[in-house]
Structures are given as C-alpha cells and as structure tokens.
Amino acid sequence: MKKIFLYLIAVFPLTAFAQEPQSFEIKSKIGDLNAPSRAYLLYQLGANKVVDSAIIAKGSFDFKGQILTPTNALLVIDHKGVGLEKLDSTADVLSFYIDKGEFSINSADSASKAQITGSKINDDNKKLMAQLKPLIERAKKLKALENAAAPIPLPCIPNGSRPRSLPEGPSRSNRPPGKVRAMPFAPVRVLPPDQGSRET
C-alpha cells in the first residue's frame with residue numbers, strides 16, 4: 001500500500017502538468033476574402049465545445065486560444081456571411097489538429113484546399129493519410145460494387161399460408177412397383193471333403 005501511495009504522489013505532478021492549459025495561435029489567409037465573409041473555429045477544450053469566430057480582411061484572420069491536449073478542430077469559412085447555423089454539408093471546411101504553439105493555414109481560394117505549415121502533428125497526420133489512401137480508395141470501390149449489386153428478390157408468401165418446400169425425389173413407399181433386379185454373383189465351386197490316403 002505504501003508503494004502505491006508513493007507512486008501516486010510521483011505521478012500526480014505529471015498528470016497535473018499535462019492538464020495545464022497550453023496556448024496556441026493560428027495565422028490564416030484564405031484568398032482575398034472580405035466582409036461579410038467570416039471564419040469559424042470549432043474545437044474541444046476539456047469537456048467544453050468551443051466555437052470561435054473571426055472577421056476576414058483581405059483574406060487574413062487569426063485565432064488564439066488554449067487547449068489541454070492536442071485536439072481535432074474544424075475551420076469553417078462562411079463566404080456569404082449567412083451565419084454558422086445556416087451552413088449545410090456543402091460548407092467550406094478544413095479538418096485539422098490544434099497543438100500548442102503557432103502555425104499557419106493558407107489557401108488561394110478555400111479552406112478545404114488549405115495547406116498547414118509549422119505544425120508537426122498535422123505533418124504527421126498528412127503522412128499517415130497518404131499511407132492510408134490506397135486502402136481508403138479500395139474500400140470506396142468495394143462499397144460502390146456492393147451498392148451496385150442487384151438485391152436477390154425474396155419469394156412473397158401470403159399471410160396464413162405455409163411456405164412451399166422444394167420437391168424431393170420419390171420415397172421408398174411412393175416409388176412405382178417394378179421388377180427387382182437380382183445382383184449377379186460369381187459361381188461357387190464346392191470342393192469334396194478330404195478323404196485322406198488309402199493303404200494298398
């Protein structure tokens with residue numbers, strides 16, 4: 001018990017240090033967008049979901065904040081300024097990771113085509129996705145073939161009726177009468193009993 005207690009004391013400062021907020025800063029430029037365009041950053045901070053926004057001026061905007069651990073985030077560009085709640089699945093979105101420190105997001109026209117620089121965790125993720133790309137493409141092709149395959153129609157059975165079984169061959173009791181075919185046997189030669197030798 002004493003050893004466990006000492007172990008917990010030794011580990012606790014490390015755990016507490018790992019949970020301390022860490023600052024990040026994202027410098028971004030997406031084309032030459034201006035108002036009413038607006039940028040939104042969505043990420044997780046512990047048990048809380050954070051939604052931050054920034055005004056875009058000549059394509060440039062920045063985000064600053066804090067995280068507890070590296071976390072997944074979404075950068076959403078509202079090109080027409082309609083508001084985050086009114087955007088649908090066609091919205092301009094970039095999925096990436098936020099880590100402590102400063103890094104950049106740049107694109108000539110859209111967030112979905114942006115390049116991330118100065119972030120090791122995003123560089124590692126890019127390499128991983130490149131390695132997984134052949135597997136992902138193969139899975140998509142298999143899914144497309146599965147969707148294109150015609151389903152096998154099932155027989156329609158009216159309510160209250162029993163399904164009809166497949167026809168079987170005639171049973172022994174139902175077979176039509178006929179001649180019994182005798183099995184051929186080879187002739188058997190009967191040898192006389194051994195009488196022994198006679199005395200002369």
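The values are calculated or read from the model by the stated rules, or taken from the named source; none is laboratory data. Keep in mind that this is a model prediction, so the values were computed, not measured. Backbone-built Cβ (ideal geometry, glycine too); neighbour counts: all protein chains shown.
Summary table below
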item	result
Extreme residue, surrounded by the fewest Cβ atoms within 10 Å (Cβ to Cβ), among residues of the stretch 71-111 that are touching a helix residue (DSSP H, G or I) at 6+ places or on another chain (Cβ under 8 Å) and hydrophobic (A, V, I, L, M, F, W, C)	Val76
Failed item in (1) out of contact with any Asp or Glu (no Cβ under 7 Å at 6 or more places or on another chain); (2) over 14 Å from Gly31 (Cβ atoms); (3) surrounded by 13 or more Cβ atoms within 10 Å (Cβ to Cβ); (4) at pLDDT 95 or above, with Asn125 passing the rest	(4)
Within the stretch 77-94, tally of residues that are under 24 Å from the mean Cα position of the chain (by Cα) and assigned to a strand (DSSP E or B)	3
Filtered residue count, the stretch 27-76, keeping only those that are not in a loop (DSSP other than H, G, I, E, B) and not charged (D, E, K, R)	28
Which listed residue is among the small types (Gly, Ala, Ser) and modelled with pLDDT under 95, from Ala114, Ala73, Ala47, Ala108	Ala47
Where a residue in the stretch 70-87 is more than 26 Å from Ala47 (Cβ to Cβ) and its partner, wherever it lies, is of a type in the set (Lys, Arg) and crowded, with 18+ Cβ neighbours inside 10 Å, with Cβ under 7 Å and at least six apart	Asp78/Arg38; Gly81/Arg38
Selection count, the stretch 95-127, where residues are within 23 Å of Lys58 (Cβ to Cβ) and either part of a strand (DSSP E or B) or in contact (Cβ under 8 Å) with a residue 40 or more places away in the chain (or both)	15
